[in-house]
Amino acid sequence: AAPRGGETWGRGAVERPVHVRFSDVDLLGHVNNLRYLDYAQMPHLDLLTGVFREAEVNGSVTTMIVRSEIDYVGQMNLRPDPYAARSRVVAVGDTSVGFEQEIRDGARVMARSRIVEVNVDPDHHPLAWHPAHRQLLEQRMRDAASG
């Protein structure tokens, strides 16, 4: 599903400031389109690693991104003030989790993206989530939907 955007983001969302680096821009000072996904992944990873830390499950977790899509809404530029990037869980499956992200400049949306991540075994085959991870991912999704 395409990124929805526009709705109220609940307390299950994670937000962080994103500073544009000089190396992220072209000669006109515009942020390279590939950097948008890098910025979107920052709160996405914060959210996912927060779940893993909170679950306190012994062992390791391996995940891989299997899908990413992005809608470019506004042009980001090199500037001293950060943009805000946020992420929320929008779907939880047996082996996968879907995230939506937004990059904002105040009230203005600069980009919307969706990332699907799959939990995998050492051979990179899909693996069911640990029950504690799934429970927390589902809680984050409910919290994000509640506004």
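The values are calculated or read from the model by the stated rules, or taken from the named source; none is laboratory data. For clarity, every value in this text was computed on a predicted model and none was experimentally measured. In this analysis, Cβ positions are derived from the backbone assuming ideal geometry, glycine residues included, and neighbour counts consider all displayed protein chains. For the accessible areas, the whole protein counts, side chains as well, though only heavy atoms, and no ligand, DNA or RNA atoms are used. Shrake-Rupley method; radii C 1.70, N 1.55, O 1.52, S 1.80 Å.
Values computed for the structure shown
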read-out: Highest-MSF residue in the chain out of Pro131, Pro82, Pro122 [GNM, Cα springs under 10 Å]; value: Pro122
read-out: Size of electric dipole in segment 40-115: Cβ of Lys, Arg +1 and of Asp, Glu -1, about Cα centre, debye, nearest 20; value: 200
read-out: Cα long-axis angle, helix 131-145 against the chain (0 to 90 degrees, to the nearest 10); value: 40
read-out: Solvent exposure, largest accessible area first (probe 1.4 Å, DNA, RNA and ligands not counted), of His30, His44; value: His30, His44
read-out: Cα centroid separation - segment 26-55 against segment 76-147, whole Å; value: 10
read-out: Rounded percent of accessible protein surface that carbon and sulfur make up, segment 1-141, 1.4 Å probe; value: 50
read-out: Net charge of Cβ neighbours under 11 Å - reference Gly93; Lys, Arg +1; Asp, Glu -1; value: -2
read-out: Nearest-ten-degree value, helix 33-55 long axis tilted from longest Cα axis of the chain; value: 30
read-out: Selected from Leu137, Tyr72, Val120, residue furthest toward positive end of dipole (the chain; charges at beta carbon); value: Tyr72
read-out: Å² of accessible area per residue within the chain, as computed with a 1.4 Å probe and no ligands counted; value: 54
read-out: Separation in nanometres of the label points that stand 7 Å from Cα toward Cβ, at Ala145 and Ala107; value: 2.8
read-out: For the chain, size of Cβ-based charge dipole, Lys and Arg +1, Asp and Glu -1, in debye; value: 360
read-out: Dimensions in Å of the chain - Rg and Dmax from alpha carbons; value: 15.8, 49
read-out: GluC sites (Glu not before Pro) within segment 52-128, DSSP loop, no more than 14 other Cβ atoms inside 10 Å; value: Glu56
